[in-house]
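Asker: There's a structure below that I have some questions on.
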Amino acid sequence: MKKKSRANRRVQLLAQSAVALVAVVLVAGTASAAGLYKWTDEQGEVHYSDKAPPEMPTKGAAVLDKQGRQVRKIGPPLSAEESKAKADEDERQRALARARDEQARKDKALMQSYTSESEIDLARNRALTTIDTQVKSAQVYSADLVRRQKDIAKRKEGYGSKPIPIELQHESEAVDTELSRQTILIRQKQEEQTMVTTKYDTIKQRWREILAEQERARIAAAAAEAAKAQNPPPGKPGTAASVRPAAAAANK
């Protein structure tokens, strides 16, 4: 049992040593892969370091690989005006990205809602029919109010120079107010009809644009695949480039 226990401890120590060795190799590889920083200070003296300069020099800095070749350029610090311009441009780009995301969301919802132009026309006609029914109902009601107005006017004339009863006066005011309200309602509904027509015309136009974009993307993808098939990577198994040398060798 003691021999077995000592053997297990040896195995554990060897495993721990192997893990430690791998960690050291990884750290060393990371440090060497990071390369060097090269910069020139205010006095014109050139500096090299495996760490970035604590403060960015006015002329910027360069990152070198293990062979001393420049792999990245770090620009000098920006002025206040340049910083503001960069911040404004970054914000503009973020706004554009948000707008693209929002348009993509709307386009997805649009294509999920309609599968053909006829469905868009059907939705538009349903909306217009509902509004048209409301307009006609308001027009019929308004015509009735106009008749009541005329009847009230005749009744008022019948009193001549006598005082008009307060009830009749209140009825006249109520009819005038309601007729004005219906007139406004009809105008609003007619404007709504125009808005609905414009809305669905815009939807149909965008629907056509999306289909055209999808078709262009499909054609471009097909062309890319065709070009790839005609110009395969050299030496790839099963391609003309690899078959021709084999055929030539066989002919010899």
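Asker: For segment 188-216, what are the residues that are closer than 19 Å to Thr115 by Cβ and either β-branched (Val, Ile, Thr) or in contact with a strand residue (DSSP E or B) (Cβ under 8 Å, 6 or more places away or on another chain) (or both)?
Answerer: Answer for segment 188-216, where residues must be closer than 19 Å to Thr115 by Cβ and either β-branched (Val, Ile, Thr) or in contact with a strand residue (DSSP E or B) (Cβ under 8 Å, 6 or more places away or on another chain) (or both): Thr202, Ile203, Ile210.
Asker: Right, here's the next one. Among the residues of segment 141-177, count how many are part of a helix (DSSP H, G or I), exposed (fewer than 14 other Cβ atoms within 10 Å of the Cβ) and of a type in the set (Phe, Trp, Tyr).
Answerer: Of the residues in that region, 0 qualify.
Asker: In this structure, does Ser180 turn out to be at pLDDT 95 or above, in contact with a Leu (Cβ under 9 Å, 6 or more places away or on another chain) and either of a type in the set (S, T, N, Q) or not in a helix (DSSP H, G or I) (or both)?
Answerer: no
Asker: Could you tell me which residue of segment 104-129 is nearest to Arg187 (Cα to Cα), considering only residues that are open to solvent by 80 Å² or more (accessible area, probe 1.4 Å) and of a type outside the set (Lys, Arg)?
Answerer: Thr129
The values are calculated or read from the model by the stated rules, or taken from the named source; none is laboratory data. From a predicted model like this one, the values you see are computed outputs, not experimental measurements. Glycine gets a Cβ as well: all are built from the backbone with ideal geometry, and neighbour counts include every protein chain shown. Side chains included, ligands, DNA and RNA excluded: accessible areas come from the protein's heavy atoms. Shrake-Rupley method; radii C 1.70, N 1.55, O 1.52, S 1.80 Å.
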